[in-house]
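So the structure is just underneath, and the comments pick up after that.
None of the figures in this text is laboratory data; all of them are computed from the coordinates on show. Bear in mind the structure is a predicted one, so any value in this text is a computation, not a measurement. Because the Cβ atoms are built from the backbone with ideal geometry, glycine has one as well, and the counts that use them run over all protein chains shown.
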Amino acid sequence: MKDYFKNVWLGVWTALIGMRITIDHLFRKNVTVQYPNVHPKDKAGWMDMPSNARNRLYVDMDECNGCNSCARACPVNCISIETVRSVPGDAPPPLASGGKRNLWVSQFEIDFTKCCFCSLCTEACPTGAIVMTTEFEYSSYNRYDLVYNFVKLQNSMSDEKIAEVKEKWAEHQKEKKKEAVEPK
Amino acid sequence: MGLLNRLNDPIGLDGIIFGTVEDLLNWGRSKSDWYLQFGLACCAIEFMAVNASHFDMMRYGCIPRSSPRQADFVIISGTVTLKMADRLKRVYEQMAEPKYVIAMGSCANSGGPYWEHGYHVLKGVDRILPVDVYVPGCPPRPEALQEGLILLQKKIRMEEIFRKRKRLAEEDLANQMNYK
Amino acid sequence: MSEKKYIDIEFSQLDSERMRLFMGPQHPSTHGVLQLEVELDGEIVTDLIPHIGYLHRCFEKHAENMTYPQIIPYIDRLDYISSMNNELPYVMGLEKMLDIQVSEKVEYIRVIFSELNRIANHQIAIATFGLDSGAFTPFLYYFRDREMILTIFEKASGGRLLYNYFWVGGLAADVHPTFKEDITEAIRIIRDTNAEILNLLLKNKIFIDRTANVGILPADIAISYGVTGPILRASGIPLDLRKAEPYSIYERFDFDIPVGNGEVGTVGDCWDRNIVRFREMEESCKIIEQALKTFPSQGDVRENVPKRIRLPKGEIYCKAENPKGELGFYIISDGKDKPERVKVRAPSFVNLSALPEMSRGYMFADLVMILGSVDIVLGEVDR
Amino acid sequence: MKPNEIFKELKVHFGEEITELVENPSSDTYISVKPEKIDEICRFLRDNDAFKFDFLTLLSGLDLKEKLGIVYHLYSMELKHRLVLKTEVPKDSPNLPSLVRVWRTADWHEREAFDMFGINFQGHHNLIRILCPYDWEGYPLRKDYKEPEEYHGNRVPY
Amino acid sequence: MEEANFVFNMIGENWIAFAIISLLPMIFLLAYALIAILGELKISAFIQERLGPMRTGPWGIIQPVAEVVKLLQKEDITPDSANKPLFNLAPFIMFAASYAGFAVIPFSSYFVPSGINLGLFFLLAVGSLGIIGLLMGGWASNNKYSLLGGLRAVAQIVSYEIPAAMVILTIAVMAGSLDLQEIIRQQSGWFWNWFVFGGSGGWIKIIFLPFSFIMCIIYIIASLAETNRTPFDIPEGESELVAGYHTEYSGMKFAMFFFAEYANMFIVSAIITIIFFGGWNSPFGDFMGGPIWGVFWFVSKAFVFVFLQIWLRWTLPRLRVDQLMYVSWKVLLPFSFVCFLALSLLVMLK
């Protein structure tokens, strides 16, 4: 009998305690960050995005030497790079930071529908061309808009140029073959 | 809220009346999106975070419903496996028209990290459902999902309700003419 | 007793049809894509068959095709609520095989972040459990606090949920400068909220009625089912790998192992499981505070990170105390840069296998509570 | 108790069934056993007061090219020691006794090994697929596994 | 007793008057539902330190309008295996039952749609009609979750009718009438004349104050159960039963259920107001009295209880079915018996 009344009392009392807590919160300042109006990059408070946040990748084509190490490091193989070897004497312009380049990067494609944003590629890159940015607003209506070809985007090589270097390399190969055949 | 911007529409009186009504209807649908409580994988945790106090999905008029019948859109938040694909399709079919799909995260977009060796992973939810908005990220930030949501609302606002049938019929006719 | 038997016979003669209910994979309280085939007699669960595999993402197949550092992002995605804890046994195992000694600072950061992530995990566990019981508000209070922990992780690693932060031989990046202050502040707020939740949810009479004496798992059955983590401790067995087989630098810290003692019901019921998690959060706070006091701020976190990992031939079983139980990786190497086989001992998978045993004979509404108290993550169950 | 002591003890009791003790400085030590009486060995390990292996931590299947391997990781709650047992079965007849009656946790572990490798645990009450769908074909974690082209109308490869 | 209906006084007793009278609660109900839905969203948000709807109009205040516009457009699905007539009828029965309750609710001393002298009894009777709709919907959906929800709802409502009826019986004894207007008139004057404080007259009632308080609490709890609100929202308990009896409903039919739920919330709040808190009476004697202010007092008192329901919903967890029965039969009912006896004694002493 004592337990019965105790239970009934506890039922009412703990409910009242809970109600006191919730009414307390009713008049507290709310914590919501109103996203489109307050952007996380605005440095609005402790919730804002740090500068090392891992979001969309960016490739600086002026820095890329086409070494393919990011593609090898990528666990999901979302980076596909096509390069064309340059013929001697027709080397691509050097890197913006001064290094030498031997490869024409004719295609640098990152499929952001596959990327897992692990930042292993940025670690592997010897020149620091591929970096993680804080840009995250790139939702789209079309899946194929999420495949970024940085060569096209940055216009580092035009289609004609790609065709030209490819042709040059093919010719170079032919000549080499000839040279290899001639000594016989 | 732009209800009257169709007044400038050069279609005529039809356009004014239907355009205004259409705008109102679209406005209602875009501002009151009830979503299906449906979490699949990692992205579901970020999806829950979007519901939580800091991001508060309800600001957009999104109220969680656990029955697909009452939901307006579904957020595919995570990897869809082949075992799940049939069930997902069924859940989608149970939803009442008009219905929308947001593919959240890499896995839903194209299989994500599992696209290469995942023998049991559906490589992209668009193979079974018509996806309206693709939100990239693995998992996307809560803000990124909110951006996807705003895109979806924009899409709903642009929809045609009344003239769709007429337009489709006209297009059909034109196609037939071309065929002849 | 005899009377009860008599009643049972009476009821068995009644021609009542059993109902087969398929709960999930789309169901608000299956914590993901679990399917439970429930046989109901009225409201009583007479049988339960879990169908899992709706999130089978072929982790082990992927691991065989990846180099060792590339596996870490996939390990994050196993138990996506406590990614830091997931990475820890894997990198420790590899370090043991490669014979790498990591620096003091790395060990400290690893412990601090593991414990923070344990808090975050338990917050979600209790929050979703409250949600299952119908209390929506505690869920959001916990998520509000969890956001602080995630921000700390993001500032350190760059990722909000999946970090790829613990690397073999070190860490991906150094911690941010305001790391200590952020964590001290976070712990203060976590403790405040915990005090609130204790009154709002855990001590609520309705909540106690829902959870006490429900889903009892006796200790011997728990061991036989291989259950680990808070569920085992709630059954009264103080097994915690941090104490039993101390790894990293856990032996330096002073903390207790909370066990279930049946305060409001029986040992090993749903309430015990939650209160164990709840108290573990406090213990984690204690560990973090101690670690912050002696935290060595000097040192490079990446000095021992090998450029290329090639394991010697052999095998290792490395384990650590995940928030959900003993997480183990059984790594077999054949001397190449890719593992021959990586097998995961997923605590959720094992814990879930005890669910039918726990829930038989309880009511359908209890089933939801029992499932919630097991605290599964389907990414880990199905792998 | 160290694995070599356990090995000696087991050798006394089971003789030929216990093949060898494999020690490797950089990795775990394990005991190789023959598959036929694995359930008896495990029951002995569980019930003997010197071992008290009451906890099956992990049961994993392996693909060893010609054979299939099964690895048991055991742990004793009371004595706090661990043991690894390894056994091999031929690929064309992968049969060995089930351990469900020794440790109940073996139930799902064995189903998983069956699902992934096609190891047939005799005496298991419910040996069906667990992770893959029930009508899935092939054993995915075998090294020679080829993923199907189509499953229920959905294309599988990317 | 003057006839209390301003419509009849103004245009006489003809069919136009009847039409107007029957439509007035509907207009009120529509406005109320919009406010209550918004209130629910906003209050829950503020309790959880969120903001709630923000992007539909300023501070999201026209969110419910958008919802109605949306629900009007949704496809109305009738499942193939459902029992179609019952499935389609259920929401209407549910709504009609709650709307019928408005027939006797006195909004003011000069307005009650139908001034029958059995008002209290009518409310009790009509309030239980709704469960037929519930059960119909649950059964006809041919969904196991719906069926479980429907059955639970019936069990719950039927058992909570009894403590509620006990409370109403007590009030009938105290007021000596079943006419709602009469009950309210007996509580006129200052707020200590309300039945929650033991009714008018006599210092002896101070001894009986605890009993009348408990009676009030019993009715509040029972009313929560009758409207399926937390902690008694078992019929639609999301975590177990997906959405309970309305799992299969979509579009406008679902809106009817939704609407009926909010209408029910108002009805029970109105009953609490009428039988315990003096209905349209001003709490401070003649201050702000009169029929026009009466509407204000009545509606604002009722809204306090609607707020209480919302507040409780976002605080408490949900009970289990057997515990629900326990609360009804073993807690509320004995307590209501004791209080009934005590308050009857009070009536005799007065």
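Averaged over the residues of A:140-148, the number of partner chain Cβ atoms lying within 10 Å of the residue Cβ comes to 4.
Counting charges near residue D:43 (Lys, Arg +1; Asp, Glu -1) among other residues having Cβ under 11 Å from its Cβ returns a value of 0.
With the cut-off at 1.5 for a/c, could you classify segment E:52-117 from its C-alpha gyration tensor as rounded, prolate or oblate? Because a/c hits 1.5 or more and a/b fails to exceed b/c, segment E:52-117 counts as oblate. Annotation for segment A:71-131: trypsin sites (Lys or Arg not before Pro) lying in DSSP loop with at most 10 further Cβ atoms inside 10 Å of their Cβ are A:100.
Classified by the C-alpha gyration tensor, segment E:19-134 has an oblate form. Its axis ratio a/c, with a ≥ b ≥ c, is 1.5 or above, and a/b does not exceed b/c. Each peptide in C:40-48, A:174-182, C:251-259, B:67-75 receives the mean, over its residues, of other Cβ atoms within 10 Å, and ordering these scores from highest gives B:67-75, C:40-48, C:251-259, A:174-182.
Which one of C:299, C:24, C:372 has the biggest mean-square fluctuation once chain C is modelled by GNM with Cα springs under 10 Å? Of C:299, C:24, C:372, the most mobile in the Gaussian network model is C:299. Loop-resident chymotrypsin sites (Phe, Trp or Tyr not before Pro) (DSSP state other than H, G, I, E or B) in segment A:9-38 with no more than 10 further Cβ atoms inside 10 Å of their Cβ: A:27. Measuring between their Cα centroids, segment D:10-70 and segment E:263-278 lie 72 Å from each other. log₁₀ I(q)/I(0) of chain C at q = 0.13 Å⁻¹, via Debye over equal Cα point scatterers, no solvent, to two decimals? Values returned for q = 0.13 Å⁻¹ are -1.05.
Computed from the C-alpha gyration tensor, the three semi-axes of the ellipsoid equivalent to segment C:37-160 are 33, 23, 12 Å, from longest to shortest. According to the Kirkwood relation over distinct C-alpha pairs, the hydrodynamic radius of segment C:191-337 is 17.9 Å. Which angle from 0 to 90°, rounded to the nearest 10, does the C-alpha axis of helix D:38-47 make with the longest principal axis of chain D? That helix lies at roughly 50 degrees to the long axis.
Helix A:2-26 axis versus longest C-alpha principal axis of chain A: approximately 50°, rounded to the nearest ten. The convex hull drawn around the Cα atoms of segment A:1-103, when projected onto a plane and averaged over every direction, covers 14.3 nm².
Legend: mean number of C-beta atoms from other chains within 10 angstrom of residue C-beta atoms, peptide E:189-196, equals 0. Give the separation of the Cα centroids, segment A:48-81 to segment C:250-286, in Å. The distance from the Cα centre of segment A:48-81 to that of segment C:250-286 comes to 44 Å. Kindly express, to the nearest 10 degrees and within the range 0 to 90, the angle between helix E:84-101's C-alpha long axis and the longest C-alpha principal axis of chain E. Roughly 20 degrees, rounded to the nearest 10.
Looking at segment C:264-316, the trypsin sites (Lys or Arg not before Pro) that sit in a DSSP loop and have at most 14 other Cβ atoms within 10 Å of their own Cβ are C:307, C:308, C:310, C:313. Highest mobility in the GNM of chain C, judged by mean-square fluctuation with C-alpha springs under 10 Å and restricted to C:337, C:269, C:76, is found for C:337.
Could you give the distance between the Cα centres of segment B:78-113 and segment E:46-97, to the whole Å? Centre-to-centre distance over Cα atoms comes out at 24 Å. Where both bridge residues fall in the protein assembly as shown, DSSP classifies roughly 80% of the beta bridges as antiparallel.
In the frame of its principal axes, segment E:241-350 has Cα extents of 52, 39, 23 Å, reported largest first. Taking every residue in A:10-16 and counting other chain Cβ atoms within 10 Å of its Cβ, the average works out to 6.
Ordering C:235, B:30 by the number of other Cβ atoms within 10 Å of each residue's own Cβ, fewest first, gives B:30, C:235. With all projection directions averaged, the alpha carbon convex hull of segment C:117-169 covers 3.9 nm². Straight distance only, please: which lysines reach the Cα of residue C:307 with their own Cα at less than 23 Å, same-chain residues fewer than 8 apart left out? Output for residue C:307: C:96, C:105, C:336, C:338. Scaled to the globular estimate 2.2 N^0.38 Å, the Cα spread of segment E:6-349, given as radius of gyration, is 1.01. Scanning chain C for DSSP H helices at least 15 Å long along the axis (C-alpha atoms) with a Kyte-Doolittle mean no lower than 0.0 picks out C:104-132, C:364-374. Percent of alpha carbon pairs in segment E:1-86 separated by more than 16 Å? For segment E:1-86, the share of Cα pairs beyond 16 Å comes to 71 percent.
Convex hull volume of the Cα atoms of segment A:57-181, normalised per residue: 125 Å³. Calculated translational diffusion coefficient of segment D:57-158 (20 °C, 1.002 mPa s; Stokes-Einstein with Kirkwood radius over alpha-carbon pairs) equals 145 µm²/s.
A quarter of the convex hull surface defined by the alpha-carbon atoms of segment D:1-104 gives 6.6 nm² as the mean projection.
Normalised by 2.2 N^0.38 Å, with N the number of residues, the alpha-carbon radius of gyration of the protein assembly as shown equals 1.02. Structure shown: which of A:29/E:42; B:154/E:70; C:319/D:37; B:83/D:146; E:301/E:330 lie over 22 Å apart, alpha-carbon to alpha-carbon? Violating the 22 Å limit, Cα to Cα: C:319/D:37; E:301/E:330.
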